[in-house]
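Below is one structure; the comments refer to it alone.
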């Protein structure tokens, strides 16, 4: 079972776990092969991550991506995005600092991974 961002799903991938909304309402069943209409509905329902059957995705894990190809502009955009998300938190709190830098690292890795996919 692999977790996959909805924006990175492709037609033909198979769900390995039922999809439910944030209130626990059933949306799509495990085992369904995703079609264009399913992908559209997942976006409309604001579902961000689903589980797909392993082996359908040969993409490496985000943490394995080499950051040497990260563009400075993309890194700054990631910082600005997180600044907005963390605006109401205490920036001196050690846990908040760790969360911020973990999220920034992940966003940077995912940005490089997306660029590699385009190439």
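The values are calculated or read from the model by the stated rules, or taken from the named source; none is laboratory data. Not measured: the values here are computed from a predicted model. Cβ coordinates were reconstructed from backbone atoms using ideal geometry, including for glycine residues, and neighbour counts include every protein chain displayed.
A compact table of results
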| read-out | value |
| --- | --- |
| Looking only at region 62-73, and only at residues there that are under 16 Å from the mean Cα position of the chain (by Cα) and surrounded by 11 or more Cβ atoms within 10 Å (Cβ to Cβ), the one that is farthest from residue 4 (Cα to Cα) | 65 |
| Residue 9 being surrounded by 13 or more Cβ atoms within 10 Å (Cβ to Cβ), outside the structural domain of residue 113 (by TED's automatic domain parsing) and at pLDDT 90 or above | yes |
| Any hit, region 57-71, residues being touching a strand residue (DSSP E or B) at 6+ places or on another chain (Cβ under 8 Å) and under 29 Å from residue 20 (Cβ atoms) | yes |
| Qualifying residue in region 16-37 (condition: outside the structural domain of residue 113 (by TED's automatic domain parsing), over 14 Å from residue 114 (Cβ atoms) and in a helix (DSSP H, G or I)) | yes |
| Test for residue 79: is it modelled with pLDDT of 90 or more and assigned by TED's automatic domain parsing to the domain that holds residue 100 | yes |
| Hits in region 38-61 (condition: in a helix (DSSP H, G or I) and exposed (fewer than 10 other Cβ atoms within 10 Å of the Cβ)) | 44 |
| Odd one out for residue 47 among (1) under 17 Å from residue 10 (Cβ atoms); (2) out of contact with any helix residue (DSSP H, G or I) (no Cβ under 6 Å at 6 or more places or on another chain) | (2) |
